[in-house]
Amino acid sequence: MRKFYLIGFLFLLSFDTLAQISFKMTAEAAAPPALDSAWFLRIAAQPWVYLAISGYIGAFFTWISLLRRAPVGPAFAAAHLEVVTVMFASFWIFGEQPDLPRLAGAGLIIAGIIVLAFSEKQQEAEAEHSRG
Amino acid sequence: MSNLVFWLWFGNVFFDTIGQLAFKAAAIAPENKLAAEGGGGLVAYWCGLVRRPALWLGIFSYVAEFLLWLAFLTLVPLSEGVLLGSVNIIVIMILGRLFFHESLTPLRLIGIGLVALGVAVVGAF
């Protein structure tokens with residue numbers, strides 16, 4: 001079960017981060033933004049936009065698979081680790097320096113997910129116990 | 001916050017919540033499970049899933065949420081907009097408990113609370 005969550009969230013985060021980075025790449029390559037057909041054509045000519053859409057589709061299938069077993073409340077919260085992975089990917093790829101509050105927020109999110117991982121361990125142990 | 005901004009904000013939280021609950025309901029629908037266990041496996045599960053109205057309600061909610069989000073961001077700076085995410089986390093936690101009887105142990109409450117706080121801090125500054 002723990003392996004299922006680990007692999008599931010790893011896939012979800014990879015797809016989500018891939019989609020966000022690809023959207024940013026698309027937007028930069030198709031600049032300047034304008035609500036006209038030329039802008040849409042510039043977007044459609046970008047390979048990045050198709051990678052972004054693929055990322056979204058992959059994330060959708062992964063999320064539904066996770067929800068087959070995971071409770072939606074904690075899982076939805078845990079999926080917000082995406083905020084942290086996108087922050088670091090943006091730093092690495094685009095050189096966007098995260099400021100101190102952003103790093104503090106990222107720390108809180110990571111701490112929350114560690115607590116959620118422990119809570120799953122506890123739930124599993126209790127389920128094991130009640131089964132005798 | 002002007003009236004319009006409030007309703008765009010409310011609509012965004014509303015559709016995000018409906019979307020997540022609908023996806024959860026579709027994912028655990030007993031019909032899909034029966035199909036998957038009936039020998040069809042994963043293919044039967046996904047074929048059953050596309051016939052669930054809840055799945056399409058979820059997809060519709062996502063599209064509605066996306067459009068409301070765009071409208072919201074034209075009126076409010078992104079940094080204030082991100083606070084929305086924290087509210088969604090808490091609302092979905094409460095409704096997961098109400099609709100799917102998900103247990104809220106102290107550890108889960110602390111973990112979800114920390115994530116919601118972290119998302120708010122990232123967005124607020």
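The values are calculated or read from the model by the stated rules, or taken from the named source; none is laboratory data. A quick note: this is a predicted structure, and the numbers were derived from the prediction, not measured. Ideal geometry is used to build each Cβ from the backbone, glycine not excepted, and the neighbour counts take in all protein chains shown. All accessible areas refer to the heavy atoms of the entire protein, side chains included, with ligands and DNA or RNA removed. Shrake-Rupley method; radii C 1.70, N 1.55, O 1.52, S 1.80 Å.
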Cα extents of the range A:1-79 along the principal axes, largest first, in whole Å, come to 49, 19, 15
The range B:1-51 and the range A:87-113 have their Cα centres apart by a whole-number Å value of 30 Å
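Could you give the size of the charge dipole of chain B about its Cα centre, using +1 on the Cβ of each K and R and -1 on the Cβ of each D and E, expressed in debye and rounded to the nearest 20?
220 debye
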Between B:Phe66 and B:Ile28, the two model label points (7 Å from Cα along the beta-carbon direction) sit apart by a distance in nm of 2.7 nm
Computed over chain B, the convex hull of the Cα set has an average projected area, in nm², of 9.1 nm²
Each label sits 7 Å from Cα toward the beta-carbon; between B:Val5 and B:Cys47 the label points are separated, in nm, by 5.2 nm
Excluding ligands, DNA and RNA, the carbon-plus-sulfur percentage of the accessible area of the protein assembly as shown with a 1.4 Å probe reads 73 percent
Output row, site A:Tyr50, 7 Å Cα→C-beta label point, backbone N cut-off 15 Å, window the range A:5-30, residues A:26
With only helices counted (DSSP H, runs n ≥ 4, each -39500 (n - 2.57)), the per-residue ellipticity at 222 nm for the protein assembly as shown, to the nearest 500, works out to -28000 deg cm²/dmol
Once A:Leu100 and A:Ala38 are pulled to full extension, the length gained, defined as 0.36 nm per residue separation minus their Cα-Cα distance, is 18.4 nm
Ignoring ligands and nucleic acids, chains B and A bury, in total, an accessible area (1.4 Å probe) to the nearest 100 Å² of about 2900 Å²
Expressed to one decimal in nm², the mean projection of the alpha carbon convex hull of the range A:2-131 is 9.6 nm²
In terms of the charge dipole of chain A, which places +1 on Lys and Arg and -1 on Asp and Glu at the beta carbon, the residue among A:Ala75, A:Ile109, A:Ile7 farthest towards the positive end is A:Ile7
